[in-house]
Amino acid sequence: MLIGRLLAAALLLVGTFASQAHDPGLSSAKLVLQDGLLRATLIFAPADVEAISSGEKMSDAQLQSLAAQSLEIRFDGEKAAPTEAHARLLENKDVEFQLLFRAPSAASLGIRSTLLDRLPFGHRQYFAVVGANGVTLAEKLLNGANHDVEVRLGESVAGTPSPSHPFSEFLGMGVKHILTGYDHLLFLFAVLIGCKRISSIVKIITAFTIAHSISLALSTLGLVVIPSRVIEPMIAATIAYVGVENLLCRQAVSHRAILTFGFGLVHGFGFAGALHDMGVGSNGSAVAVPLLAFNSGVEIGQMMVAAVILPLLWRFKDKPQFTLRWAPVFSALVALAGAFWFVQRVWPG
């Protein structure tokens, strides 16, 4: 039976994605030119360092060595060696590399982020070069196939920054983020299971969209910032709650819209974590373009998923067997997945 196949697929998805939910695959690199020095700060998630080391635990000495190898710097084509290279573990378990180079008077600066080709396919690095006067000289997303940056220092330092925040790259990042954000998609699936009318679906999706757009903007602009160690368990809790509510009671659409709006605010702060990981806004640069592009990408990704899932739900929603048996089974799976992620995020292994 088709419904049986859907159930098997759901079980497989929950098992496969349980440990992978909400993993944008992002790192950041910020370089500052000031007082004849080039200071570089690179931040990698624990999973990134594990991938770079092929799963082996690295000692402090190995991390220091890796930090020294993380960038190749050339001034007017001449390679510069770091005078200092340090690695340290941050409170959130991320790994920070700090490098210092002497910066001679030069017309061009060439940078290669050397660790990207050792990271999984699709990993991106938010990269920024900032001058002494705070002007952004270069700003882009790098990956394993595109890890070189060339900066013309003459005019840029005088106050003409290089083009930054390409709209298409942040749009694509938003699409990827929602398509791999299995927790967000599972939440949306759970609140839509009980919808009987197109108008109900529109209300719920609209409430979710407006809410996460608000909190995404507030967080990216730095007006409200909530640590990921708080937001991630809260996202899991919203999933578990909706799954349990589906099993215990049937709520009016107006209640579901309000609930989805409130929980959508929580998920929006989770979306903002991706932009924070890329360093958007951290160096005082404009955030309007990346914010609009990333959020647009999230909406496009949502519509892509809805175009696949909603016809299936719509086909089976009026069948008594689906309402009485399969909808509760799916809701139970949703609640279990949410509870699993909650425990995993509150007490990470």
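For region 52-204, please report how many Lys pairs fall under 28 Å Cα to Cα, leaving out neighbours fewer than 8 apart on the same chain. Write down the numbers at each step before the final one.
Numbers: Lys57/Lys93; Lys79/Lys140; Lys93/Lys140; Lys93/Lys176; Lys140/Lys176; Lys176/Lys203.
The result is 6.
Listed values for region 227-234 are Karplus-derived 3J(HN,Hα) couplings in whole Hz (6.51 cos²θ - 1.76 cosθ + 1.60, θ = phi - 60°), namely x, 5, 5, 8, 5, 4, x, 5, and x replaces Gly and Pro. Centre-to-centre separation between the Cα atoms of region 170-220 and those of region 235-249: 16 Å.
Listing Trp347, Trp341, Trp326, Trp314 from fewest to most neighbouring C-beta atoms within 10 Å gives Trp347, Trp314, Trp326, Trp341.
If you rank Ser168, Ser219, Ser65 by fewest surrounding Cβ atoms within 10 Å, what's the result? Display every interim value, and only then the final one.
Numbers: Ser168 9, Ser219 23, Ser65 14.
If I rank by nearby Cβ atoms, fewest first, I get Ser168, Ser65, Ser219.
The HN-Hα couplings worked out from phi for region 122-129 by the Karplus form 6.51 cos²θ - 1.76 cosθ + 1.60 (θ = phi - 60°) are x, 5, 10, 10, 6, 10, 9, 10 Hz, whole numbers, x standing for Gly and Pro.
Using DSSP to call loops (not H, G, I, E or B), can you name the chymotrypsin sites (Phe, Trp or Tyr not before Pro) in region 71-160 whose Cβ has at most 14 other Cβ atoms within 10 angstrom? Kindly include the intermediate steps, with their values, before the conclusion.
Details: sites: Phe75, Phe97, Phe101, Phe121, Tyr126, Phe127; in loops: Phe121.
Listed in order of number, the matching sites are Phe121.
If you look at the Cα atoms of region 26-164, you get an Rg and a Dmax of 14.7, 46 Å.
Is the shape of region 207-273 best called rounded, prolate or oblate, per the rule: a/c under 1.5 gives rounded, else a/b larger than b/c gives prolate, else oblate, with a ≥ b ≥ c the square roots of the Cα gyration tensor eigenvalues? It would help to have the intermediate numbers written out before the result.
On the way: a/c = 3.95, a/b = 1.69, b/c = 2.34.
Oblate.
Distance from the C-alpha centroid of region 47-63 to that of region 71-144: 19 Å, rounded to the whole angstrom.
Bear in mind that the values in this text are calculations on the coordinates, not laboratory data. Because the structure is predicted, anything quoted here is derived from the model rather than measured. Neighbour counts are summed over all protein chains in view; Cβ atoms, including those assigned to glycine, are modelled from backbone coordinates with ideal geometry.
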